[in-house]
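One structure below.
What follows draws every value from the coordinates through simple rules; no lab data is involved. Keep in mind that this is a model prediction, so the values were computed, not measured. No Cβ is skipped: glycine too gets one built from the backbone with ideal geometry, and neighbour counts run over all protein chains shown.
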């Protein structure tokens, strides 16, 4: 691999960063809201599934225990 000096490296980094398309503030806010909503939905979903599994196991264990 060819070695580059620090000045060339920084020039390459600046050139690559200038190509990045940064999200708008609205996009960041909307994405953040969607992540929080999905996380809350998944937490509720898995809590309900856990409740059903626990009730089922308690029922089975009470019959055989």
#### Entry: Residue check, residue 61 part of a helix (DSSP H, G or I) and surrounded by 10 or more Cβ atoms within 10 Å (Cβ to Cβ)
no
### Boolean, residue 3 is under 19 Å from the mean Cα position of the chain (by Cα) and loosely packed, with under 10 Cβ neighbours inside 10 Å
no
